[in-house]
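Structure record follows, encoded as structure tokens.
Derivation of every value follows stated rules applied to the coordinates shown; laboratory data play no part. This is a predicted model, so every value here is computed, not measured. When we count neighbours, we look across all protein chains shown, and the Cβ atoms used for this are built from the backbone with ideal geometry, even at glycine.
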């Protein structure tokens, strides 16, 4: 389960960014072509976050769709996994532009008044 090492890296990045502040939430973007199993990533978060600045934090996962660019007609389009033909012209072989990402988009830390 490579999600454990991926989540360890995400937690390290969040802790480095937060500095001395606790982390209230992590927002992660995951594409369906990334090879990441979202439920396994959630499990890894629950297993690894205790004892870190993200202990008790919320994990928000944004799941994306595959994004393509059609070289034939110039259309940019999102499509379900397994259906990659251009909806405008029917051409196959679009250029993948998204859907393979795993990104730490943001972290939330408490406001210090």
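Points to keep in mind about this one:
- Any hit, the stretch 29-40, residues being assigned to a loop (DSSP other than H, G, I, E, B), more than 10 Å from the chain's Cα centre (by Cα), loosely packed, with under 13 Cβ neighbours inside 10 Å and on the phi < 0 side of the Ramachandran plot: no
- Residue check: residue 106 meets all listed conditions (1) touching a residue at least 24 places away in the same chain (Cβ under 8 Å); (2) farther than 21 Å from residue 2 by Cβ; (3) part of a loop (DSSP other than H, G, I, E, B); (4) touching a strand residue (DSSP E or B) at 6+ places or on another chain (Cβ under 9 Å) but one, namely (3).
- Exactly one residue out of 59, 10 is touching a strand residue (DSSP E or B) at 6+ places or on another chain (Cβ under 9 Å) and surrounded by 21 or more Cβ atoms within 10 Å (Cβ to Cβ), and it is 10.
- Checked against the criterion of being part of a helix (DSSP H, G or I) and in contact with a strand residue (DSSP E or B) (Cβ under 7 Å, 6 or more places away or on another chain), the stretch 75-87 contains not a single residue that satisfies it.
- For residue 46, the criteria (1) touching a residue at least 40 places away in the same chain (Cβ under 8 Å); (2) out of contact with any strand residue (DSSP E or B) (no Cβ under 8 Å at 6 or more places or on another chain); (3) outside any loop (DSSP other than H, G, I, E, B) hold in every case but one, which is (1).
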